[in-house]
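Structure, as structure tokens:
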């Protein structure tokens, strides 16, 4: 299956040099393998509107943007292999970005919103591909939505192991890369209630991990105030500068955790 992403380089980028990078993705569910590899939004006539994380381009980061993260399979069973598919998608994206000669494999961060925030936390738990992550408005404990999530149609009582596997909260002891957790305090989305964020934060810290919790007053699932957006950008810039851009090299940065 062919996957895709858009690779943005920072202003003044010199060809042949490797720079730190941030990967952004949102996993999508597909029942049909042939549809999972389709590419959209790649027209040269498209106008690029910067999202908050893309502002990091101005700080010298490359952005591996909108990376394809398909979760493929029959809706009745697709999430049985959710974590492995997530790891495979991330590994393919990172390997290709490095192959293009732009990205420094030793200095890559990951970020995502909502279901992408869950992806972010799970990738830090399941791989050593990334030096740090920033998760915004995520759902980290799927047992709190016990009658299904995304395309998973089974209830928690019918498939408890699937809910546990998909939940980053259950793997908090494995999150040994720094994770910035951001959430709106008025998030009314049933799957991403604000309580999801402090619970994951406490679980990571309680297991000796590094995490920071930022709660945005009056903000819903998608942040609306300029002050909030500016705060998120500032938090991400500080976080990734500290733990990605200025991170020391480490061995086997691309190997999945055992």
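Nothing in this text is a laboratory measurement; each read-out follows from the coordinates by a stated rule. This is a predicted model, so every value here is computed, not measured. We place every Cβ from the backbone using ideal geometry, glycine too, and count neighbours over all the protein chains shown.
Once divided by 2.2 N^0.38 Å, the Cα radius of gyration of the range 109-218 becomes 0.99. Calculated mean residue ellipticity at 222 nm for the chain: -8000 deg cm²/dmol, from DSSP H runs with n ≥ 4 weighted as -39500 (n - 2.57), summed, divided by the residue count and rounded to 500. Among the listed values (1) 1.00; (2) 0.96; (3) 1.13, the one matching Cα Rg over 2.2 N^0.38 Å as calculated from this structure is (2). You can think of it this way: the chain between residue 99 and residue 2 has 33.4 nm of extra reach, that is 0.36 nm per residue less the Cα-Cα gap.
Entry note, the range 1-159: relative contact order of 28 percent, from Cα contacts under 8 Å with a spacing of 6+ residues. Projected label points at residue 26 and residue 59, each 7 Å from Cα along the beta carbon direction, are separated by 2.2 nanometres.
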